[in-house]
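For reference, the structure discussed in these notes is given below.
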Amino acid sequence: MSRWITEEDIENLAVGAALLGTGGGGDPYLGKLMVQKCIRENGPIELIDPNQLSDQDTVIPVSMMGAPTIMTEKIPNGDESLKSLRLMEKQSGVKANATMPVECGGLNSTIPFVVASKAGIPVVDADGMGRAFPELQMETFHIHGVSASPTALHDERGNAVFLEAQDSPMIEHIARGVAVRMGGVAHAAMYKMTGKEVKDTSIHNTMSLCIDLGKAIRETQITKQNPIEVIKHVTKNSIYGEAIVLFEGKVTDVERKSTDGFVRGKATVSGLKSFIGKTLQVDFQNENLCAQIDGKVVAMVPDLITFLDSETGLPITTEGMKYGFRVICIGIPTPPIMRSDKAIEVWGPRYFGYDMDYVEIEKIHDKEESHV
Amino acid sequence: MYKIGIDVGGTNTDAVVLDKQNHVIAEVKSSTTEDVESGIYQALEKILEVSQVDPKDIDTVMLGTTHATNAIIERSRLTKIACVRICLPAGTAVEPMFTWDESLKKAAGDTYYFVHGGCETDGRPLAGEHLDYQECADILSKIKESDVQSLAVTAVFSPVLDTYEKEFQKIAYDVLGEEFPVTISSEIGSMGLLERENSAALNAALVNVAKAVSDGLEQSLLKYGINARIYFAQNDGTLMEMEHAKKYPILTIGSGPTNSIRGAAELSGLKDCIICDIGGTTTDIGILVNGFPRESSVAVTIGGVKTNFRMPDIVSIGIGGGSIVRFDDGNVTVGPDSVGYRITEDAIAFGGDVLTATDCLLATGRVHIEHPNINLDRLKTIPQSVLDQAVSTITAQVEMAIDKIKTSAGSVPVVLVGGGSILIPGDIEGASEVIRPKHAGCANALGAAIAQVSGDIDKMYSMAGVSREKVLQQASKEAKDKAIAGGALAETVEIIDLEVLPMAYVTSEFVRIKAKAAGKMNI
């Protein structure tokens, strides 16, 4: 049941990953070009279902960590993550049968395809966040007992670090510092797993969901269908729940400030159409965290909160939000694996400093509906 | 003394003569020609005749032109180039011109080289403190033997440190001679290597186009006995000297809408307002902040190539005087298609059989047009409800576009210019007032004539051990120095834009600062 990924699929993946990336994950433009070049040279890339792995297979996920903005200036050579994967293989005495992404979002959904193309191995159709999150211990792998240690890191000049640490949060802490010394970006291989661990701990089929979502949204530009209906249809038939329209309106303010190496802030949207007279506020820390309408919470992490351009349905990143944009804010219920007690501890509202318990988006919404 | 502003647009080449106080003495319109140059001659000849100004009294000529844009879009008259990327040991994942289509590669070439050098975001060298002379000379020898006639040089983080690009330029002059055109990216674009490299490459491909226009303009001025300083209008509402424009023709791209915004603002006397230019097919809406057009923050695509240019933020909608009005089941739509320049034949009021936006406005009796063919009786068959709906749709669409470009929710004055401005006879929601200035037809040429001299920077700064104020002061000073070096009068130079951008995911002390200074021309 392998799917062979073409240049066109990558265009779609970039759009879908930006949608599941909930405003974060950086500009996917460079990542898209890198994969398209690989496909031009080596042909389509194999994407396999997690269930195609045998329990004994070795899977080594790859990603970049650091500032995506730096990568748009200091372009990599394209083989850095592959080198990290090779270093991991050498140090661990194993051979990767496949690679996979650690998150859905701009650059990090595309980098595994570059590595797969160069190494001649498939990409597993899954990831460890089901969206984008700012820190690397925010992974279902970590939550279900797979350690981020050891981690291999490379820069463009061939400098490498093989890092072993007590646990995943400590890997995040030290690797973040290494990334700064490497010039702001490090190319990583981490969370080495067996095929069984991938099957048990990852969020399945998120890459093909990104491609399908991207394709469906891009096609509406030709068919003139309502992109929101199309998104609802695709999400309804996935492990996620059906997308819910949280709000529609016009951006009236975007406040951003940089603290502790993150961009934090909030976007304010004034309601239009059926939301006239209401105000939406969405807080973000690189990614969108919590949405409130007139002070009432309507969605929160880890459920997905994404802004779409109200005309085209294309996702808008946190950096791209500007006054005057007409937007639709949607929420997508996350799959059960992202809502376990342990998972909520790692990426629920309390971790991000909110004094409230996690409530599923569809529960909040149902309650709203019954009031009406 | 007088000055002349010329604007070469898609349809018309306009010219204005201004006195020292920027009062319009005369304005003319003539057709844009295929070679562009002869259209400029005709406009010059006409304006001298109409204004009766002695050519000797003209000391400055400003030109806003679409030469460069057209050459790229048409893939014609481009020069064969080579791209040099100073990036090794990084930077090879996606090669220069990777995204260019075959037609552009055929017209401008697709030769490229990678060279050791460039730096990290904090200025630490990627390879060495200096370029390897021999490595560069070997590449340049190959270029010398090829058909390449112009070079584009881009180094990693050159907006932070431009020395690698400058060193390469010097070595290129050694090997290829001082006359060989070498474009360095840090003088054109900002952060984002691929987009900046594209801008530099397009610029390198335009050097012959720029030379042809400059030479043509110089010769025609000579012919009419005008001995003036020549400036070209830039996309950011400021001017550059002709010598600079010859080197950086890419900077003229987008000057059309910018000139229209600034010209309209001058006519209205405002520094902060929204400009609404209603033409025959589209309405272009821009915003003036502190006397300058606000720039777009999204990447600008020119002829299919992604660049990171400074371009005015323009919202365009398909509403104009010739917009076609349709009604079906009580549903009325206006545009986006238009009868365009055929309005005087096709529109119902003029004797045609297409219902246009102009017809609907005429039928309301709120506007009036002097034209021999107009007969309002022809409009009597159109149901009143259709006319009313069309008029309210036009206003609503323009209002929505105006709202989209606003920076804050408060009311702002709106200046209406362009031949189609009769479409909005009344008030505009969200506008504190609606201004319809005189001479609205020559706003573009006037905009070129009144443009200012500027300097700007877009760089990463280290905040380690330095106060924020110090860093901002340093950035402001660099921008002001650049404006003065570009010909601005020192005492008039002020900072017109200063922006500090944080960088996500880095735990270090870097900030990105964009600053722009501008001032009156030093005459």
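The set of residues in segment A:276-292 being buried (at least 20 other Cβ atoms within 10 Å of the Cβ) and either polar (S, T, N, Q) or farther than 19 Å from A:Glu319 by Cα (or both) consists of A:Gln285, A:Asn286, A:Asn288. Close contacts from segment A:141-159, counting a first residue that is more than 14 Å from chain B (Cβ to nearest Cβ) and assigned to a loop (DSSP other than H, G, I, E, B) and a second that is crowded, with 18+ Cβ neighbours inside 10 Å and of a type in the set (Asp, Glu), with Cβ to Cβ under 7 Å and a gap of 6+ residues or different chains, come to A:Val146/A:Glu197. Going by what's in this entry, would B:Leu44 be described as touching a Phe, Trp or Tyr at 6+ places or on another chain (Cβ under 7 Å), farther than 27 Å from B:Ala201 by Cα and in contact (Cβ under 8 Å) with a residue 40 or more places away in the chain? Considered against the rule, which asks whether it is touching a Phe, Trp or Tyr at 6+ places or on another chain (Cβ under 7 Å), farther than 27 Å from B:Ala201 by Cα and in contact (Cβ under 8 Å) with a residue 40 or more places away in the chain, B:Leu44 comes out as yes.
This table checks each residue for (1) modelled with pLDDT of 95 or more; (2) within 14 Å of another protein chain (Cβ to nearest Cβ); (3) in contact with a Pro (Cβ under 6 Å, 6 or more places away or on another chain).
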site	(1), (2), (3)
A:Tyr323	no, yes, no
A:Ile330	yes, no, no
A:Thr334	yes, no, yes
A:Met338	no, no, yes
A:Glu360	yes, no, no
A:Val372	no, no, no
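The residues of segment B:120-169 that are more than 14 Å from chain A (Cβ to nearest Cβ) and among the charged types (D, E, K, R), listed by number, are B:Glu129, B:Asp132, B:Glu135, B:Asp138, B:Lys142, B:Lys144, B:Glu145, B:Asp147, B:Lys166, B:Glu167. A single member of A:Gly93, A:Gly66 is of a type in the set (Gly, Ala, Ser) and without any contact (Cβ under 8 Å) to a residue 40 or more places away in the chain, and it is A:Gly93. Residues in segment B:400-421 that are modelled with pLDDT of 85 or more, surrounded by 19 or more Cβ atoms within 10 Å (Cβ to Cβ) and part of a helix (DSSP H, G or I): B:Ala401, B:Ile402.
Taken together, the residues in segment A:1-36 that are in contact (Cβ under 8 Å) with a residue 40 or more places away in the chain, closer than 25 Å to B:Pro96 by Cβ and part of a loop (DSSP other than H, G, I, E, B) amount to 3. Scanning segment A:299-316 for residues that are over 17 Å from the mean Cα position of the chain (by Cα) and surrounded by fewer than 22 Cβ atoms within 10 Å (Cβ to Cβ) gives A:Asp309, A:Ser310, A:Glu311, A:Thr312. Within segment A:173-198, take every residue that is within 19 Å of the chain's Cα centre (by Cα) and within 12 Å of chain B (Cβ to nearest Cβ) and give me the one that is nearest to B:Pro125 (Cα to Cα). Checking each candidate, the answer is A:Val185. For segment B:37-64, the set of residues classified as open to solvent by 10 Å² or more (accessible area, probe 1.4 Å) and outside any helix (DSSP H, G or I) consists of B:Gln52, B:Val53, B:Asp54, B:Asp59, listed by residue number.
Checked against the criterion of being closer than 26 Å to B:Lys406 by Cα and under 17 Å from the mean Cα position of the chain (by Cα), the candidates A:Glu248, A:Glu319 yield just one match: A:Glu319.
Of the set (1) surrounded by 14 or more Cβ atoms within 10 Å (Cβ to Cβ); (2) on the phi < 0 side of the Ramachandran plot, all apply to B:Gly335 but (2). Residue-level analysis places A:Leu163 outside the set of residues that are away from chain B (no Cβ under 14 Å), touching a His at 6+ places or on another chain (Cβ under 8 Å) and surrounded by fewer than 24 Cβ atoms within 10 Å (Cβ to Cβ).
Screening segment A:166-181 for residues that are β-branched (Val, Ile, Thr) and without any contact (Cβ under 8 Å) to a residue 40 or more places away in the chain and picking the one that is surrounded by the most Cβ atoms within 10 Å (Cβ to Cβ) gives A:Ile171. Being under 30 Å from A:Gln56 (Cα atoms), in a strand (DSSP E or B), open to solvent by less than 50 Å² (accessible area, probe 1.4 Å) and modelled with pLDDT of 95 or more, is that true of even one residue in segment A:202-215? Yes, some residue in segment A:202-215 is under 30 Å from A:Gln56 (Cα atoms), in a strand (DSSP E or B), open to solvent by less than 50 Å² (accessible area, probe 1.4 Å) and modelled with pLDDT of 95 or more.
Look at (1) away from chain A (no Cβ under 14 Å); (2) out of contact with any Leu (no Cβ under 6 Å at 6 or more places or on another chain) and you find that B:Thr301 fails only one, number (1). Would it be correct to say that A:Val123 is surrounded by 24 or more Cβ atoms within 10 Å (Cβ to Cβ), at pLDDT 95 or above and within 28 Å of B:Thr92 (Cα to Cα)? The answer is yes for A:Val123. A:Cys290 meets each of the listed conditions (1) of a type outside the set (Phe, Trp, Tyr); (2) within 14 Å of chain B (Cβ to nearest Cβ); (3) touching a residue at least 12 places away in the same chain (Cβ under 8 Å) apart from (2).
Among helices (runs of 4 or more DSSP H) entirely within segment A:64-124, having at least 2 residues that are more than 26 Å from B:Ala155 (Cα to Cα) and within 14 Å of another protein chain (Cβ to nearest Cβ) singles out A:111-119. Residue pairs whose Cβ atoms lie under 6 Å apart, sitting 6 or more positions apart in sequence or on different chains, and linking a residue in segment A:220-233 that is over 15 Å from A:Val327 (Cα atoms) to a partner that is in a helix (DSSP H, G or I) and modelled with pLDDT under 90, are A:Val230/A:Thr220. If you check every pair at least six apart or on different chains, which have Cβ atoms under 8 Å apart with a residue in segment B:347-365 that is open to solvent by 20 Å² or more (accessible area, probe 1.4 Å) first and a residue that is among the polar types (S, T, N, Q) and part of a strand (DSSP E or B) second? Pairs that qualify, where the first residue is open to solvent by 20 Å² or more (accessible area, probe 1.4 Å) and the partner is among the polar types (S, T, N, Q) and part of a strand (DSSP E or B), are B:Ile348/B:Thr356. The number of residues in segment B:72-97 being more than 8 Å from chain A (Cβ to nearest Cβ), buried (at least 17 other Cβ atoms within 10 Å of the Cβ) and farther than 17 Å from B:Val153 by Cα comes to 3. Before we move on, is B:Val315 within 14 Å of chain A (Cβ to nearest Cβ), of a type in the set (A, V, I, L, M), open to solvent by 30 Å² or more (accessible area, probe 1.4 Å) and touching a residue at least 24 places away in the same chain (Cβ under 8 Å)? Against the criterion (within 14 Å of chain A (Cβ to nearest Cβ), of a type in the set (A, V, I, L, M), open to solvent by 30 Å² or more (accessible area, probe 1.4 Å) and touching a residue at least 24 places away in the same chain (Cβ under 8 Å)), B:Val315 does not qualify.
A count restricted to segment A:54-63 and to residues that are outside any strand (DSSP E or B) and open to solvent by less than 10 Å² (accessible area, probe 1.4 Å) stands at 2. There is no residue in segment A:249-262 that is aliphatic (A, V, I, L, M), open to solvent by 20 Å² or more (accessible area, probe 1.4 Å), assigned to a loop (DSSP other than H, G, I, E, B) and outside the structural domain of A:Asp125 (by TED's automatic domain parsing). A count restricted to segment B:271-293 and to residues that are open to solvent by 50 Å² or more (accessible area, probe 1.4 Å) and in a loop (DSSP other than H, G, I, E, B) stands at 5. Selection over segment B:401-446 of residues that are within 14 Å of another protein chain (Cβ to nearest Cβ) and touching a residue at least 40 places away in the same chain (Cβ under 8 Å) gives a count of 7.
The values are calculated or read from the model by the stated rules, or taken from the named source; none is laboratory data. Since the structure is predicted, the reported quantities are computational estimates derived from the model, not experimental observations. For neighbour counting, all protein chains shown are included, and Cβ atoms are generated from backbone atoms with ideal geometry for every residue, glycine included. Quick note on the areas: whole protein, heavy atoms, side chains included, nothing else; ligands and nucleic acids left out. Shrake-Rupley method; radii C 1.70, N 1.55, O 1.52, S 1.80 Å.
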